[in-house]
1. For the range 50-67, which residues satisfy the criterion of being assigned to a helix (DSSP H, G or I) and crowded, with 16+ Cβ neighbours inside 10 Å?
2. Among the residues of the range 143-153, are any under 20 Å from L98 (Cβ atoms), outside any loop (DSSP other than H, G, I, E, B), in contact (Cβ under 8 Å) with a residue 24 or more places away in the chain and under 11 Å from the mean Cα position of the chain (by Cα)?
3. Take R74 and decide whether it is of a type in the set (D, E, K, R), at pLDDT 90 or above, more than 23 Å from P168 (Cβ to Cβ) and under 19 Å from the mean Cα position of the chain (by Cα).
4. Among the numbered conditions (1) closer than 25 Å to A46 by Cβ; (2) outside any helix (DSSP H, G or I); (3) not basic (K, R), tell me where V140 comes up short.
5. Yes or no: the range 68-91 includes at least one residue that is in contact with a Lys or Arg (Cβ under 6 Å, 6 or more places away or on another chain), of a type outside the set (G, A, S), within 16 Å of P47 (Cβ to Cβ) and surrounded by 13 or more Cβ atoms within 10 Å (Cβ to Cβ).
6. How many of the residues making up the range 118-132 are more than 19 Å from E92 (Cα to Cα) and part of a helix (DSSP H, G or I)?
7. Filter the range 82-100 down to the residues that are within 10 Å of R163 (Cβ to Cβ) and either of a type in the set (G, A, S) or outside any loop (DSSP other than H, G, I, E, B) (or both) and list them by number.
8. Given the condition under 12 Å from the mean Cα position of the chain (by Cα), in contact (Cβ under 8 Å) with a residue 12 or more places away in the chain and assigned by TED's automatic domain parsing to the domain that holds V73, answer yes or no: does some residue in the range 126-141 qualify?
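The values are calculated or read from the model by the stated rules, or taken from the named source; none is laboratory data. Fair warning: this is a prediction, and the values are worked out from it, not measured in the lab. For neighbour counting, all protein chains shown are included, and Cβ atoms are generated from backbone atoms with ideal geometry for every residue, glycine included.
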Amino acid sequence: MRVSDKSNIPLPDNRDKGSLFAIRAAGTGSIIAAFANSLASDREFAPWRVLAIGIDPAFADFATLSGLTPELVRSYIDAQIEQVRALGYDVESCLIDLGDTAEAMAAALSSKPFDCVVIGAGLRQPRSQLLLFEKVINLVHARAPNAKICFNSNPADTAEAVRRWIQP
């Protein structure tokens, strides 16, 4: 902490995170404005928070996906979550079924503020899942209005999708 030259009013160093900045009015010695550090400055200390929402492979239809099994897709998902973590993000996975899963997503979205929400490719196809996809999008919009929304194109490119919108 440093002290202003004429008024003995303590003025914080630029390094004092979370403290108030003060501006001295010319000749008066009074504080004319104060404001807290922006949320962006907190990024120096807190990792970006990411929620990855996707269909639980146990509920996916693999009839049209040759060579893929629930176990293989789950291993891709788990590997991508770990890769996203290794890049410096705080990531949570929210795997849902094909039914009414709003409660699970609402709980995940309410657990903390998220900076980015990744929506898995399995939610966008096949066309029969359009209503579920719309529910997911609308719930994310309602519960995480400031979050970036991104989409992966397969279970193996989640980290790439996140990095398109937020950098660690």
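1. Step one: of the range 50-67, the residues assigned to a helix (DSSP H, G or I) are 57-59.
Scanning the range 50-67 gives a single hit, P57.
2. From the range 143-153, those under 20 Å from L98 (Cβ atoms) are 151-152; that's our starting set.
Checking which are outside any loop (DSSP other than H, G, I, E, B) leaves us with 151.
With in contact (Cβ under 8 Å) with a residue 24 or more places away in the chain added as a condition, the list becomes 151.
When the remaining residues are screened for being under 11 Å from the mean Cα position of the chain (by Cα), the result is none.
No, the range 143-153 contains no residue that is under 20 Å from L98 (Cβ atoms), outside any loop (DSSP other than H, G, I, E, B), in contact (Cβ under 8 Å) with a residue 24 or more places away in the chain and under 11 Å from the mean Cα position of the chain (by Cα).
3. Numbers: of a type in the set (D, E, K, R): yes; at pLDDT 90 or above: yes; more than 23 Å from P168 (Cβ to Cβ): yes; under 19 Å from the mean Cα position of the chain (by Cα): no.
In short, no.
4. (2)
5. Yes: one or more hits.
6. So in the range 118-132, the residues more than 19 Å from E92 (Cα to Cα) come out as 124-132.
Cutting the leftovers down to part of a helix (DSSP H, G or I) gives us 127-132.
Going through the range 118-132 one residue at a time, the tally reaches 6.
7. Within the range 82-100, just V84 meets the criteria.
8. Checking the range 126-141: at least one residue is under 12 Å from the mean Cα position of the chain (by Cα), in contact (Cβ under 8 Å) with a residue 12 or more places away in the chain and assigned by TED's automatic domain parsing to the domain that holds V73.
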